[in-house]
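Trainee: One structure, pasted below without further comment.
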Ligand SMILES: Nc1ncnc2c1ncn2[C@@H]1O[C@H](COP(=O)(O)OP(=O)(O)O)[C@@H](O)[C@H]1O
Ligand SMILES: [Mg+2]
């Protein structure tokens, strides 16, 4: 449905995104996660046909965004970072206006209006002036204008920014409700948002993609393995060797003793849940088992890890270069 191929965008000398490639399948909700300045808005603007990339290509709903931007715009609903709402218009007048620009059949406008207002919780606001609406309601109008022409694809740039906690929940529910018959790509710098709404996540940092995966895989709750955390008492020194007898156990690491108990981390591989086997082994060995649980890494931890790894690499590169330069002198 959406295919980005080696997208690079430069603003003058500044490279905002570099060699960004990914795909979004039909009906999927993809989250674009990254800190401020990572390049989320830039990528979304390119996909929405708002401006061209410096390099690379994007195909949306089967059309090249540079060659056929109008065909793309017809099929895409775009919620920009700051939706261009006409403050002096009423909600109804504005949505009718957008509908006419987007080529919604005149006879269908009335029913589309009712439908998007119902979907975005704007039933009561039709006659109100946009400038009198709260931030949250303005954001709903932004969503409603993105939906008015029944687009197959939605590109939502930070859809929950500036909303209060209740509105955030409502907008997330709305987005989840759109999945399936719409293909959605949304950006956010809020980590829990992607676990709650997205099937797949792209983590972007300083203009480059650093990870693409499901929220489950990123946080280690995956089918390919798990991390177990045990709290054990007694002589745990041999536990390493004992647990490694299981082919499903990849590694065992013992923590420092605390109140005669020790934390033991066991990394397993494969889909099988081996917690009962591990528990049995620990007890059979005469040790005391106080706790055994699956440890999940938070998305925050993954994110910090991924974005600092990159920084370290960069620093190392710089150091290497510096050394060379010194050597040359
Ligand atoms: N119009 C512009 N002119 C120059 N630099 C820009 C412009 N828009 C964005 N940038 C820069 O490009 C980078 C990516 O910005 P942006 O795509 O807005 O990131 P995000 O949406 O992830 O916060 C940032 O370093 C930003 O300062
Ligand atoms: Mg942005």
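The values are calculated or read from the model by the stated rules, or taken from the named source; none is laboratory data. Model, not experiment: these values are computed from the prediction. Cβ placement follows ideal geometry from the backbone for every residue including glycine, while neighbour counts extend to all protein chains displayed.
Trainee: Mind checking whether some residue in region 179-193 is part of a loop (DSSP other than H, G, I, E, B), on the phi < 0 side of the Ramachandran plot, touching a residue at least 24 places away in the same chain (Cβ under 8 Å) and surrounded by 20 or more Cβ atoms within 10 Å (Cβ to Cβ)? Steps first, answer last, please.
Mentor: Just the residues of region 179-193 that are part of a loop (DSSP other than H, G, I, E, B), to begin with: 180-181, 189-190.
Pick out the ones that are also on the phi < 0 side of the Ramachandran plot and you get 181, 189-190.
Those left that are additionally touching a residue at least 24 places away in the same chain (Cβ under 8 Å): 181, 189-190.
Now drop any that are not surrounded by 20 or more Cβ atoms within 10 Å (Cβ to Cβ), which leaves none.
No, every residue in region 179-193 fails to be part of a loop (DSSP other than H, G, I, E, B), on the phi < 0 side of the Ramachandran plot, touching a residue at least 24 places away in the same chain (Cβ under 8 Å) and surrounded by 20 or more Cβ atoms within 10 Å (Cβ to Cβ).
Trainee: Continuing with this model, one more query. Looking at this structure, is residue 131 surrounded by 15 or more Cβ atoms within 10 Å (Cβ to Cβ), out of contact with any helix residue (DSSP H, G or I) (no Cβ under 6 Å at 6 or more places or on another chain) and in the same structural domain as residue 78 (by TED's automatic domain parsing)? Before you say what the answer is, go through the steps one by one.
Mentor: Values: surrounded by 15 or more Cβ atoms within 10 Å (Cβ to Cβ): no; out of contact with any helix residue (DSSP H, G or I) (no Cβ under 6 Å at 6 or more places or on another chain): yes; in the same structural domain as residue 78 (by TED's automatic domain parsing): yes.
So residue 131 fails the test.
Trainee: Let me ask something else about it. Scanning for something at pLDDT 95 or above, closer than 14 Å to residue 153 by Cα and more than 16 Å from ligand 1 (Cβ to nearest atom), does region 45-60 turn up at least one residue?
Mentor: Yes: region 45-60 contains one or more residues that are at pLDDT 95 or above, closer than 14 Å to residue 153 by Cα and more than 16 Å from ligand 1 (Cβ to nearest atom).
Trainee: Would you mention how many residues in region 1-39 are in a strand (DSSP E or B) and either touching a residue at least 12 places away in the same chain (Cβ under 8 Å) or outside the structural domain of residue 154 (by TED's automatic domain parsing) (or both)? Can you show your working first?
Mentor: Just the residues of region 1-39 that are in a strand (DSSP E or B), to begin with: 2-11, 14-24, 29-33.
The next check asks that each one be either touching a residue at least 12 places away in the same chain (Cβ under 8 Å) or outside the structural domain of residue 154 (by TED's automatic domain parsing) (or both); those that pass are 2-10, 15-24, 29-33.
Residues that pass the stated criteria total 24.
Trainee: Which one of these does residue 62 not meet: (1) in contact (Cβ under 8 Å) with a residue 12 or more places away in the chain; (2) closer than 27 Å to residue 2 by Cβ; (3) away from ligand 2 (no atom under 16 Å from the Cβ)?
Mentor: (1)
Trainee: Identify, by number, the condition in (1) at pLDDT 90 or above; (2) under 23 Å from residue 100 (Cα atoms) that residue 139 doesn't meet.
Mentor: Failed condition: (1).
Trainee: Against the definition (under 21 Å from the mean Cα position of the chain (by Cα), crowded, with 17+ Cβ neighbours inside 10 Å, farther than 23 Å from residue 148 by Cα and more than 16 Å from ligand 2 (Cβ to nearest atom)), how does residue 38 come out, yes or no? Steps first, please.
Mentor: Details: under 21 Å from the mean Cα position of the chain (by Cα): yes; crowded, with 17+ Cβ neighbours inside 10 Å: yes; farther than 23 Å from residue 148 by Cα: yes; more than 16 Å from ligand 2 (Cβ to nearest atom): no.
Spelling it out, it is not the case that residue 38 is under 21 Å from the mean Cα position of the chain (by Cα), crowded, with 17+ Cβ neighbours inside 10 Å, farther than 23 Å from residue 148 by Cα and more than 16 Å from ligand 2 (Cβ to nearest atom).
Trainee: Name the residues in region 18-35 that are within 14 Å of ligand 2 (Cβ to nearest atom) and more than 20 Å from residue 184 (Cβ to Cβ), would you? Reasoning before the result, please.
Mentor: Start the filter on region 18-35 by keeping residues that are within 14 Å of ligand 2 (Cβ to nearest atom), which leaves 31-35.
The one that is within 14 Å of ligand 2 (Cβ to nearest atom) and more than 20 Å from residue 184 (Cβ to Cβ): 35.
Trainee: Scan region 110-120 and give yes if some residue there is part of a loop (DSSP other than H, G, I, E, B), touching a helix residue (DSSP H, G or I) at 6+ places or on another chain (Cβ under 7 Å) and over 27 Å from residue 207 (Cβ atoms), otherwise no.
Mentor: Checked region 110-120: at least one residue is part of a loop (DSSP other than H, G, I, E, B), touching a helix residue (DSSP H, G or I) at 6+ places or on another chain (Cβ under 7 Å) and over 27 Å from residue 207 (Cβ atoms).
Trainee: Among the numbered criteria (1) under 28 Å from residue 32 (Cα atoms); (2) crowded, with 16+ Cβ neighbours inside 10 Å, which single criterion is violated by residue 125?
Mentor: For residue 125, the failing item is (1).
Trainee: Among 241, 226, 211, 235, which is in contact (Cβ under 8 Å) with a residue 24 or more places away in the chain, over 30 Å from residue 99 (Cα atoms) and loosely packed, with under 15 Cβ neighbours inside 10 Å?
Mentor: Result: 235 is the single residue among 241, 226, 211, 235 that is in contact (Cβ under 8 Å) with a residue 24 or more places away in the chain, over 30 Å from residue 99 (Cα atoms) and loosely packed, with under 15 Cβ neighbours inside 10 Å.
Trainee: Let me ask something else. Keeping to region 67-82, report how many residues are touching a helix residue (DSSP H, G or I) at 6+ places or on another chain (Cβ under 9 Å) and buried (at least 16 other Cβ atoms within 10 Å of the Cβ).
Mentor: 6
Trainee: Looking at region 70-83, which of its residues are away from ligand 1 (no atom under 16 Å from the Cβ) and not in a helix (DSSP H, G or I)? Lay out the reasoning, then the answer.
Mentor: Taking region 70-83 first, the residues away from ligand 1 (no atom under 16 Å from the Cβ) are 70-77.
Hits for region 70-83 are 76, 77.
Trainee: Hey, any hits in region 253-262 for a residue that's within 30 Å of residue 192 (Cα to Cα), touching a residue at least 12 places away in the same chain (Cβ under 8 Å) and surrounded by 16 or more Cβ atoms within 10 Å (Cβ to Cβ)?
Mentor: Let us first name the residues in region 253-262 that are within 30 Å of residue 192 (Cα to Cα), namely 253, 255.
With touching a residue at least 12 places away in the same chain (Cβ under 8 Å) added as a condition, the list becomes 253.
Okay, now just the ones that are also surrounded by 16 or more Cβ atoms within 10 Å (Cβ to Cβ), so none.
No, there is no match, as no residue in region 253-262 is within 30 Å of residue 192 (Cα to Cα), touching a residue at least 12 places away in the same chain (Cβ under 8 Å) and surrounded by 16 or more Cβ atoms within 10 Å (Cβ to Cβ).
Trainee: Condition first: in contact with a helix residue (DSSP H, G or I) (Cβ under 6 Å, 6 or more places away or on another chain) and within 16 Å of ligand 2 (Cβ to nearest atom). Can you find one or more residues in region 139-148 that meet it?
Mentor: no
Trainee: Another question, if that's okay. Of these, 92, 19, which one is surrounded by fewer than 22 Cβ atoms within 10 Å (Cβ to Cβ) and more than 16 Å from ligand 1 (Cβ to nearest atom)?
Mentor: Details: 19 fails: more than 16 Å from ligand 1 (Cβ to nearest atom).
Just a single option satisfies the conditions, and that option is 92.
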